[in-house]
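These notes concern the structure reproduced below.
The values are calculated or read from the model by the stated rules, or taken from the named source; none is laboratory data. Remember, it's a predicted structure, so these values are computed and weren't measured experimentally. No Cβ is skipped: glycine too gets one built from the backbone with ideal geometry, and neighbour counts run over all protein chains shown. The protein model used for the area step is the full one, side chains on, heavy atoms only, and it has no ligands, DNA or RNA in it. Shrake-Rupley method; radii C 1.70, N 1.55, O 1.52, S 1.80 Å.
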Amino acid sequence: MRLCSIASGSSGNCTYVGSDRAHVLVDVGISGRSIERGLNQLDVTTKDVDAILITHEHSDHIKGLGVLSRKYQIPIYTTGGTVDAMMRGGTLGKMPEGLFREIREDEPFQIQDLTINAFTIPHDAAQPVGYRLECERESIGIATDLGKYNDYIVDHLQNLDAVLLEANHDIHMLQVGRYPYYLKQRILGDRGHLSNENAGKLLCRLLHDNLKAIFLGHLSKENNYEELAYETVCSEVTMGDNPYKSRDFKIQVAKRDRISEIVTV
C-alpha cells in the first residue's frame, strides 16, 4: 500500500491511498488541477482513480468534488448524512446520476483489493467519518476533523502501518489569536479540531513497533505552524506513558500546498 498527502490543512485536504489494484482519494478539497498535478507526481492520473471517499461536507474537503465527478465519473463513497448535506449546500453543481455510494459506519466495503471501514468521528458536520483502509496485512488510517478522541476511535486506529492524524492548532495561539470568540469555542469544543497536545496524546495510544509512518495533518494556517506541531507531538510521545521516544518513529508534517513524501507499507 502507498500513502501520500496531496494537500492537508485548513484551506484544503486531499489524500491518496493506493494498492496493487486500487487508487483511492480521501477528500478532494482542492482544485481538480491541483489534484491532477499531485497524482502525476505519483505516476497516477485522475482517470486511474477508482473511488473518492469523503469524510464530511465542509468545503475544505469537497471543493473539487463537483468538477472531478462531472469530468471523470468517479464513484463517491460517503455516509447518507454527508450526501444530503452536500446536496443541500448547493456548491457542487449538478451531479451525475448514480455516482454516490452510501456507506455506513462499521460496515466494511470493498474497492478492488482494498477493504475500507468508516468510523464515526466527533465533528460539527452531518455524519462525519474517518477511514481505515486495509490490503492483506497492511493498514492505513486517516483521522482528521475530530474535536476529541475516545476508546472507539482508538480501537479503529490500532495496529496500523501508517496514519494521517490531525494536529490542527496550538491552544495558546488560538486563544490569543484574532478569531472571534464563537469560532474559538467551536474549534476547542468536542466537535471541533484536535490540538497539537491532544494529537500527541492520541498518538501515544496508537504506537507499536511496526508503525512505519506518521503524518500530522490539517494544520490551521492561523493557529499553528509546522515546527510547533511537530515539536509538540514529539514531546507528548517522548514524555508520555509509553515505552517509546519520538525518534523511534518517522513523524512528519503533511504539507499545505504540495505533496508529501510517498510512504510505502
message = Among the residues that make up the stretch 162-180, is at least one of them surrounded by fewer than 18 Cβ atoms within 10 Å (Cβ to Cβ) and at positive phi?
response = no
ask   = (1) at pLDDT 95 or above; (2) under 14 Å from T144 (Cβ atoms); (3) outside any strand (DSSP E or B): which one isn't true of V26, the others all being true?
value = (3)
task = Spot the failing condition for D106; the list is (1) open to solvent by 10 Å² or more (accessible area, probe 1.4 Å); (2) closer than 24 Å to T78 by Cβ; (3) touching a helix residue (DSSP H, G or I) at 6+ places or on another chain (Cβ under 8 Å), and only one is missed.
result = (3)
key: Residue that is farthest from N168 (Cα to Cα) [pool: residues in the stretch 243-264 that are open to solvent by less than 30 Å² (accessible area, probe 1.4 Å) and assigned to a loop (DSSP other than H, G, I, E, B)]   = F249
query = From the residues in the stretch 32-59 that are touching a helix residue (DSSP H, G or I) at 6+ places or on another chain (Cβ under 8 Å) and farther than 24 Å from E102 by Cα, which one is surrounded by the fewest Cβ atoms within 10 Å (Cβ to Cβ)?
reply = T45
remark   = Here the residues within the stretch 59-75 that are closer than 9 Å to V28 by Cβ and either within 16 Å of the chain's Cα centre (by Cα) or in a strand (DSSP E or B) (or both) are H61, I62, K63, G64, L65
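Restricting attention to the stretch 189-240, report how many residues are assigned to a helix (DSSP H, G or I) and in contact (Cβ under 8 Å) with a residue 24 or more places away in the chain.
The first filter runs over the stretch 189-240 and keeps only residues assigned to a helix (DSSP H, G or I), leaving 196-204, 226-239.
Among the residues that remain, those that are also in contact (Cβ under 8 Å) with a residue 24 or more places away in the chain are: 196-204, 226, 228-229, 232-237.
Of the residues in the stretch 189-240, 18 are assigned to a helix (DSSP H, G or I) and in contact (Cβ under 8 Å) with a residue 24 or more places away in the chain.
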ask   = Quick one: would you say G89 is within 28 Å of Q185 (Cα to Cα), more than 17 Å from the chain's Cα centre (by Cα) and open to solvent by 20 Å² or more (accessible area, probe 1.4 Å)?
value = yes
ask   = Of all residues in the stretch 167-186 being in contact (Cβ under 8 Å) with a residue 40 or more places away in the chain and in a helix (DSSP H, G or I), which is nearest to K148 (Cα to Cα)?
value = R186
